[in-house]
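To start, the structure itself, in structure tokens.
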Amino acid sequence: MTKTRPVSQWEDVETTDPVANRKLLANLLLEVARCVDHEVAVKVPSALDADPRVEALRHILLEPEQAALARLQQKFDDPEQLAAAVGAVLPAAIARAISHDDRLGHELAPVIETATQSSIRRDPRTLINILAPLMGPAIRKSVAETLDGSLQSLNQALKYSLSWQGLKWRMEAYRTGTSFAEVVLRHTLVFRVEHVFLIHRKTGLMLEHVAAEDATTKDPQLVSGMLSAIQDFVRDSFDESALGGIDTLRLGEFLLWCEEGPLAFLAAVIRGNPPESLHGVLRETLDAIHAENRTALENFDGDVAAFVDVRAPLERCLAQQEKPTHKGTTPLLWLIPLALLLAVGYWLTQRYLDGRAFEDYVQRLQAEPGIAVTTFERKDGKWHLTGLRDPIAADPKDILGALRIDPAHVVGNWEPYLALHPAIALKRIQATLNPPPTVTFALDGDTIRASGTAGRRWIEKARTLATALPPGSAQLDLTALGDLQQGEIDRLRDAIQARPVFFGYGDALPVPGQEPIIESLAADLRELAVVSRRLGVAVRVTLIGHADATGRDAPNLGLSLARAEAVRSLLRKRGVDPELLAVRGAGPLEPLNPGATEQDRSLNRRVSFTVSILE
């Protein structure tokens, strides 16, 4: 191991002599060199760091480097100075990296994509504001070209729609499955693209030029230079921020169409009236040239040899359309106005007939009892009616159907009211009274006369209604109406009530010889049921059983009830409706003859009948 002497031995050395100082400096340097040995630095602590002379020596030897390190450390510690230093060399570093290879682009692409997506999610308006100056003019130009094409197609379609040629073209459109406007444009457009120039946008130099076979022109280079000058003049004079310059320019019978791209633009010289679809052809051609020759366009230095391949796409833009042969005016043009005139005449005639039919309908409604038309008018292709209608009056729709008028063309607004017309009063009385079939009504002027026969209850109901009719309306006359109780029902009632059925002493069955009486009673009762149903009258026949005064009252009352039940059973067997019959036991309380002889008592052992008309 190398041994070193303590640094303290240098403390007594005289340092006033320059020569001695140099020697001392040399010895110190040797000592420092030995002290930086790894083993000494690790195992033997040095006292040189605490020696002020060593520090002075360091300051003398390393002062420039220490100052540079201090400035460099200050830049690292200050963010603004560090950013300024990095920004000064960053462009040159990026440019050098890009020119060397594509690794920098590949490394930065994910970072830029992530930053862009984050910015868009945070505030989409930023991207909108960036794209607005580019998208706005492009959208306006596309919309304008589309509208121009639509208007041109509409103009041509209207021009040739009323002709024999137009009819043939309609058949062609139907046969080929295309629109009529497209067929018209295909047959009538007259245009020819005579020249197409491809011009470098930055330098204004012509890259390629194609022309039709017999087209005449001056020096193409001179023409392209003038076009570039005109485009620059327009941009400088009006709007430097615009995407393009002149789009369309009319020069006498020639039309100049320009399609601008980022590095070059196309200029087409056209004779006649081209379709708007030619814009799309020029634009697609220019886009294809940019896609295939972008590097050559960006590095263009005046040598056009690199653009030989663009001639074929430009030649495809030299389209033309020949004018079809015109054969003169067709007689169909005279028939069309005549057909229109006939159609208008038919429409006016039909409208007049509809008006007359509706007037007849209104007159029919006015003559109908219970209907009053106040106003009617034609509005929105329909007839509107307003008026009053009694609920019992005829339905206006039924009258409308009889006149063969479409109900969908008539709108009725009817307010309800009670009409006093005699015919309406007659309908209302019939609906209210619901008369039986034996009663008929007849209209005699302003009086409604009822005739026939009816039950007493219905007659009373009709009399009550006749007294309640309002003044001014038709009156109800019931003087010719007969009471049913004085007719057939009275006859049958008298016949039934006049034939009692007799019984023997203590017997619950009739005495022999009563069968003919029971048969007659059954026939009359069946006839009574039929007549009452026909007349609408409800009747009830009560069978009252009787007993004589012999014996006690309670057994006699039971015996009388049994006799009535026995007769009812015999009548039911003979076809009498049981609903028509009722039974009651009177016992000895209602004797036919109150005498005490045997003959008187035999007359009291009977079953009597009572016919009642139910109210």
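The values are calculated or read from the model by the stated rules, or taken from the named source; none is laboratory data. These numbers come from a predicted model, not from an experiment. Heads up, the Cβs are rebuilt from the backbone with ideal geometry, glycines too, and the neighbour counts pull from every protein chain shown. Accessible surface areas use protein heavy atoms only, side chains included; no ligands, DNA or RNA. Shrake-Rupley method; radii C 1.70, N 1.55, O 1.52, S 1.80 Å.
Against the criterion of being free of Cβ contacts under 8 Å to residues at least 40 places away in the same chain and closer than 30 Å to residue 591 by Cβ, residue 445 does not qualify.
Within the range 591-610, track down each residue that is free of Cβ contacts under 8 Å to residues at least 60 places away in the same chain and touching a strand residue (DSSP E or B) at 6+ places or on another chain (Cβ under 6 Å). Passing the criteria: only 604. Which one is modelled with the lowest pLDDT among residues in the range 456-472 that are touching a strand residue (DSSP E or B) at 6+ places or on another chain (Cβ under 7 Å) and surrounded by 14 or more Cβ atoms within 10 Å (Cβ to Cβ)? It comes out as 456.
Of all residues in the range 387-400, those that are open to solvent by 40 Å² or more (accessible area, probe 1.4 Å) and in contact with an Asp or Glu (Cβ under 8 Å, 6 or more places away or on another chain) total 2.
Restricting 532, 569, 520 to those that are among the hydroxyl-bearing types (Ser, Thr, Tyr), closer than 30 Å to residue 482 by Cα and surrounded by fewer than 19 Cβ atoms within 10 Å (Cβ to Cβ) reduces the list to 520. When we screen 545, 585 for residues that are open to solvent by 20 Å² or more (accessible area, probe 1.4 Å), in contact with a helix residue (DSSP H, G or I) (Cβ under 6 Å, 6 or more places away or on another chain) and either closer than 18 Å to residue 507 by Cβ or assigned to a loop (DSSP other than H, G, I, E, B) (or both), the only hit is 585.
Scanning the range 548-566 for residues that are open to solvent by 50 Å² or more (accessible area, probe 1.4 Å) and among the basic types (Lys, Arg) returns a single hit, 552. Answer yes or no: is there a residue in the range 350-372 that is at pLDDT 85 or above, of a type in the set (Val, Ile, Thr), under 44 Å from the mean Cα position of the chain (by Cα) and over 30 Å from residue 169 (Cβ atoms). For the range 350-372, residues at pLDDT 85 or above, of a type in the set (Val, Ile, Thr), under 44 Å from the mean Cα position of the chain (by Cα) and over 30 Å from residue 169 (Cβ atoms): present. Taking the stated definitions as given, is residue 486 open to solvent by 30 Å² or more (accessible area, probe 1.4 Å), at pLDDT below 85 and not basic (Lys, Arg)? Yes: the conditions hold for residue 486.
Among residues belonging to the range 352-368 that are under 12 Å from residue 409 (Cβ atoms) and of a type outside the set (Ser, Thr, Tyr), point out the one that is most open to solvent (accessible area, probe 1.4 Å). Out of the qualifying residues, it is 354.
Restricting the range 245-298 to residues that are assigned to a strand (DSSP E or B) and out of contact with any Leu (no Cβ under 9 Å at 6 or more places or on another chain), which is surrounded by the fewest Cβ atoms within 10 Å (Cβ to Cβ)?
Among them, the one singled out is 251.
Of the residues making up the range 588-615, just one is in contact with a helix residue (DSSP H, G or I) (Cβ under 8 Å, 6 or more places away or on another chain), crowded, with 20+ Cβ neighbours inside 10 Å and over 20 Å from residue 569 (Cβ atoms), namely 588.
Restricted to the range 401-455, and to residues that are small (Gly, Ala, Ser), in a strand (DSSP E or B) and modelled with pLDDT of 80 or more, which residue is surrounded by the most Cβ atoms within 10 Å (Cβ to Cβ)?
Taking the range 401-455 and keeping what is small (Gly, Ala, Ser), we get 401-402, 408, 412, 419, 423, 425, 431, 442, 445, 450-452, 454-455.
After this cut, where a residue has to be in a strand (DSSP E or B) as well, the list is 412, 442, 450-452, 454.
Still in the running and modelled with pLDDT of 80 or more: 412, 442, 450-452.
Numbers: 412: 17, 442: 12, 450: 21, 451: 15, 452: 16.
Of everything passing the filter in the range 401-455, 450 is surrounded by the most Cβ atoms within 10 Å (Cβ to Cβ).
Among the residues here, residue 371 does not qualify as touching a residue at least 24 places away in the same chain (Cβ under 8 Å), surrounded by 10 or more Cβ atoms within 10 Å (Cβ to Cβ) and farther than 19 Å from residue 411 by Cα.
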